[in-house]
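The values are calculated or read from the model by the stated rules, or taken from the named source; none is laboratory data. Since this is a predicted model, take the numbers as computed values, not measurements. Glycine gets a Cβ as well: all are built from the backbone with ideal geometry, and neighbour counts include every protein chain shown.
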Amino acid sequence: MKLLKYASTAVFLSVMTGCASVNMTPIEDSTEAKKFEMPNEGMAGIYIYRRDSMFGAAIKKDIWIDGDCVGETAPGIFFYEQVKGGENYKISTESEFSPNALSLAVQPGANYYIEQYMKVGIFVGGANLRLVDADKGMLEVSSLDMAVKGNCS
């Protein structure tokens, strides 16, 4: 019985504190995206990020925009994507049992900041999304690195 208790604790701690990794872009690409310039004419910019946290660090989660893979997140990364302005988009992330989504109406010439965050569930593995204001989003993204797009599990 003690062995089962210790094994369960070890599995829980490894999920809580392990370290997931994803492929990163060259530092120059990350630095350029962190200038937070206005998107191309007629476009909107979407920054999707996951803060660097030990909670759920061993877990990678996919992100999609309108069903198209943006990439797989890990702690301490962000993605930058330009989309057509004046449209509505569904930003989704996988979670324990089903995807969670955020609807976002974007205006041309604006940048939007979406935080993917881990939440407690039956297992550590739940993820959700929230829109954050530009000041908070730029501050958070400034300390992160950009991941390579298009690699979903």
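In segment 92-106, the residues that are within 12 Å of GLN116 (Cβ to Cβ) reach residues that are modelled with pLDDT of 85 or more and of a type in the set (Val, Ile, Thr) with C-beta atoms within less than 6 angstrom, at least six apart or across chains, in these pairs: THR93/ILE63; ASN100/THR93; LEU102/ILE91.
Okay, residues lined up against (1) among the aliphatic types (A, V, I, L, M); (2) surrounded by 17 or more Cβ atoms within 10 Å (Cβ to Cβ):
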| residue | (1), (2) |
| --- | --- |
| THR25 | no, yes |
| GLY42 | no, no |
| ILE48 | yes, yes |
| LYS60 | no, yes |
| GLY67 | no, no |
| THR73 | no, yes |
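Can you confirm whether segment 128-150 contains a residue that is over 12 Å from the mean Cα position of the chain (by Cα), of a type outside the set (A, V, I, L, M, F, W, C) and more than 26 Å from GLU41 (Cα to Cα)? Yes, segment 128-150 contains a residue that is over 12 Å from the mean Cα position of the chain (by Cα), of a type outside the set (A, V, I, L, M, F, W, C) and more than 26 Å from GLU41 (Cα to Cα).
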